[in-house]
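The values are calculated or read from the model by the stated rules, or taken from the named source; none is laboratory data. The structure presented is a predicted model; accordingly, all values stated were derived computationally and were not measured. These area figures cover heavy atoms from the full protein model, side chains too; ligands, DNA and RNA do not enter into them. Shrake-Rupley method; radii C 1.70, N 1.55, O 1.52, S 1.80 Å.
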Amino acid sequence: MALAAGVNSETTGTADPTTLSHAAGAGDIRAAIVFITHGTVSTDIVVSVTYGGTAMTRIRTNSDTATEPGRVYIYYLGTSIPQGTQTVSVDRTEATTAIHLSCITYTSDAALDSEAIDNDG
């Protein structure tokens, strides 16, 4: 696989859902991955994530409750990925915690497939 495009966004506002515009890149997009991080709370505040209106699968979430509260999430889409500029939408249980979003897409040879194979914490 080859990196097609990537984008980052930070929000301190109260919009729910939180959205990000992502230009998928050129070629046959085979995977989209969204990373979400937040500090100040370690609770799970992400309900769902979509890429271009297509629901993504949560691959992993981990939290830090020992030193500084925070949580990270990884969401994955490996089939039926829309082409062109798409909206990443993050539905949350609350919209007061600042979050950081990153989205990357990958291209691949049409004969190859992509999947998330390791979700260890």
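Put simply, the amide H of SER42, placed in the peptide plane, has neighbours under 5 Å in GLY70, leaving out anything fewer than 5 places away on its chain.
Sorting ARG92, ARG30, ARG58 by solvent-accessible area of protein heavy atoms yields ARG58, ARG30, ARG92, largest first, with a 1.4 Å probe.
Per the Debye formula on identical point scatterers at the alpha carbon atoms of the range 9-72, with no solvent, log10 I(q)/I(0) at q = 0.13, 0.19, 0.23, 0.24 Å⁻¹ is -0.45, -0.87, -1.15, -1.22. The amide H of ILE59, built 1.01 Å from its N in the peptide plane, has ILE74, TYR75, TYR76 as neighbours under 5 Å, considering only residues 5 or more places off or on other chains.
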